[in-house]
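Some notes on the structure that comes next.
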Amino acid sequence: MKDGDGSEQTAPTAATTDAWVGLMRAQSRVLAAIEKDFKAAGLPPLGWYDVLWELVKADAGRLRPFEIEARTLLAQYNLSRLIDRLEKKGLVRREAYDEDARGCWVTVTEAGRAMRALMWETYSRSIDKHVGAKFSENEADELAKLLSRLS
């Protein structure tokens, strides 16, 4: 059977399908557990951390919205609303982009840096609890190497 581009279409093996299903289930369960830990600690959702972390890592602590979108798993329509919420809380600010009056920079504030650091305290414990405690150091290293082949 041929694909739309003329190449041969093949079905995944049972092992590949099992790996895919396991990966998706594991991701869903671990993310839900981490979100629960954030909520119990009175912290905002994980998406806030992702945006703040990308901004903290960026040159001058700022990125254009499309750059944040490219570095996170957030869709543009969700990102816009999230940036609005972060701005209302004083964690980021929008600044005009000099070369394009229609564009803007999103810049992390000191309060945003502090919130990211606070969130990391819970996040790091959650990663260790929900991932690290399930694997030996060698197993975690092997899993990281295997998963890196998917990116």
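The values are calculated or read from the model by the stated rules, or taken from the named source; none is laboratory data. This structure is a prediction, so every number in the text was calculated from the model and none was measured. Cβ placement follows ideal geometry from the backbone for every residue including glycine, while neighbour counts extend to all protein chains displayed. Ligands, DNA and RNA are excluded from the accessible area calculation, which covers all protein heavy atoms including side chains. Shrake-Rupley method; radii C 1.70, N 1.55, O 1.52, S 1.80 Å.
The table for this structure:
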item	result
Near pairs, Cβ below 7 angstrom, 6+ apart or cross-chain, from the stretch 121-137 (among the polar types (S, T, N, Q)) to any residue that is open to solvent by 50 Å² or more (accessible area, probe 1.4 Å) and modelled with pLDDT of 95 or more	Thr122/Ala41
Residue satisfying all of: in the stretch 129-151; of a type in the set (Lys, Arg) and closer than 25 Å to Phe38 by Cα; least open to solvent (accessible area, probe 1.4 Å) among these	Lys129
Val108 in contact (Cβ under 8 Å) with a residue 60 or more places away in the chain, within 25 Å of Thr122 (Cα to Cα), of a type in the set (A, V, I, L, M) and surrounded by 12 or more Cβ atoms within 10 Å (Cβ to Cβ)	no
Test for Ala117: is it without any contact (Cβ under 8 Å) to a residue 12 or more places away in the chain and either out of contact with any Gly (no Cβ under 9 Å at 6 or more places or on another chain) or of a type in the set (Lys, Arg) (or both)	yes
The stretch 59-92: number of residues that are within 16 Å of Gly103 (Cβ to Cβ) and in contact (Cβ under 8 Å) with a residue 40 or more places away in the chain	6
Set Ser80, Ser126: member being at pLDDT 95 or above and either assigned to a helix (DSSP H, G or I) or surrounded by 14 or more Cβ atoms within 10 Å (Cβ to Cβ) (or both)	Ser126
Residue match in the stretch 46-63 (condition: assigned to a strand (DSSP E or B) and of a type in the set (A, V, I, L, M))	yes
Members of the stretch 39-77 that are among the charged types (D, E, K, R), within 16 Å of Thr122 (Cβ to Cβ) and surrounded by 15 or more Cβ atoms within 10 Å (Cβ to Cβ)	Asp50
Leu91, sole failed condition from (1) at pLDDT 95 or above; (2) closer than 29 Å to Arg149 by Cα	(2)
Pair list, Cβ < 6 Å and 6+ apart or interchain, from the stretch 14-40 residues that are free of Cβ contacts under 8 Å to residues at least 60 places away in the same chain to residues that are open to solvent by 60 Å² or more (accessible area, probe 1.4 Å) and of a type in the set (Lys, Arg)	none
